[in-house]
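Below is one structure, written out as structure tokens; the observations come after it.
The values are calculated or read from the model by the stated rules, or taken from the named source; none is laboratory data. Because the structure is predicted, anything quoted here is derived from the model rather than measured. Neighbour counts are summed over all protein chains in view; Cβ atoms, including those assigned to glycine, are modelled from backbone coordinates with ideal geometry. What goes into the accessible areas is simple: the full protein's heavy atoms, side chains included, and nothing from ligands, DNA or RNA. Shrake-Rupley method; radii C 1.70, N 1.55, O 1.52, S 1.80 Å.
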Amino acid sequence: MNLVERFLKYVSFDTQSDELTRLTPSTPGQMVFAEYLKSELESLGLEDITLDENGYLFATFPANTEKELPVIGFIAHMDTSPDMSGADIHPRIIENYDGGDICLNEQLTMTLADFPELAFFKGHTLITTDGTTLLGADDKAGVAEIMTAVEYLMAHPEIPHGKLRI
């Protein structure tokens, strides 16, 4: 699975937080996503995979070199903001972004006046929300990048690396 496909799959999980529950994870959807990620880590062949009752998921990607190297940890969170719905996400992919305003829906536009940093992304592919929900990129993009990097390293054992903790 490539990075974009993985990210789009991940944003389909409703992991909206609920600060009022005082639980960890704060909503059942977060554990559903954690279970999905656990199965993905298992299918990739990682080791020491653990998922506890609080939704903390860890795995080990063993070193492929005898060289003494420090363990590197890749960490991201699975929940999304409680401020807006995380259900029924409808991502929009904008290929070769033209550098102008982005109309998310009939009521909402991301303007260059409000978001001047958008100009930097001219010519890039952008993934946005349709404006009715959060996209969930914070931090499902990070989770997708970690998983894609691990998958890449597994497919390229010629790249030496120390032990990785995910």
Here the residues within the stretch 124-152 that are open to solvent by 30 Å² or more (accessible area, probe 1.4 Å), within 15 Å of Asp83 (Cβ to Cβ) and assigned to a loop (DSSP other than H, G, I, E, B) are Thr132, Leu134
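Tell me, please, whether a residue that is assigned to a loop (DSSP other than H, G, I, E, B), closer than 30 Å to Gly45 by Cβ, basic (Lys, Arg) and out of contact with any helix residue (DSSP H, G or I) (no Cβ under 9 Å at 6 or more places or on another chain) can be found in the stretch 153-165. Before the answer, list the steps.
Filtering the stretch 153-165 for residues assigned to a loop (DSSP other than H, G, I, E, B) gives 156-163.
Checking the rest, the ones that are also closer than 30 Å to Gly45 by Cβ come to 156-163.
Still in the list and also basic (Lys, Arg): 163.
Subsequent filtering for residues that are out of contact with any helix residue (DSSP H, G or I) (no Cβ under 9 Å at 6 or more places or on another chain) retains 163.
Among the residues of the stretch 153-165, at least one is assigned to a loop (DSSP other than H, G, I, E, B), closer than 30 Å to Gly45 by Cβ, basic (Lys, Arg) and out of contact with any helix residue (DSSP H, G or I) (no Cβ under 9 Å at 6 or more places or on another chain), which makes the answer yes.
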Sole miss for Met78 among (1) out of contact with any Ser or Thr (no Cβ under 7 Å at 6 or more places or on another chain); (2) within 30 Å of Pro160 (Cβ to Cβ); (3) outside any helix (DSSP H, G or I); (4) not β-branched (Val, Ile, Thr) is condition (1)
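Take the residues in the stretch 10-53 that are charged (D, E, K, R), in contact (Cβ under 8 Å) with a residue 12 or more places away in the chain and under 30 Å from Asn64 (Cα atoms); name whichever of them is least open to solvent (accessible area, probe 1.4 Å).
Narrowing the stretch 10-53 to residues charged (D, E, K, R): 14, 18-19, 22, 35, 38, 40, 42, 47-48, 52-53.
From what is left, the residues that are in contact (Cβ under 8 Å) with a residue 12 or more places away in the chain are 14, 18-19, 35, 38, 40, 47-48.
Add one more test, that the residue is under 30 Å from Asn64 (Cα atoms), and what stays is 35, 38, 40, 47-48.
On the way: Glu35: 99, Lys38: 54, Glu40: 16, Glu47: 92, Asp48: 98 Å².
Taking the candidates together, the pick is Glu40.
For every residue, the table says whether it meets (1) of a type in the set (A, V, I, L, M, F, W, C); (2) outside any loop (DSSP other than H, G, I, E, B); (3) more than 13 Å from His77 (Cβ to Cβ); (4) modelled with pLDDT under 95.
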| position | (1), (2), (3), (4) |
| --- | --- |
| Asp14 | no, no, yes, no |
| Glu19 | no, no, yes, yes |
| Gly29 | no, yes, yes, no |
| Ser43 | no, yes, yes, no |
| Gly55 | no, no, no, no |
| Ala59 | yes, yes, yes, no |
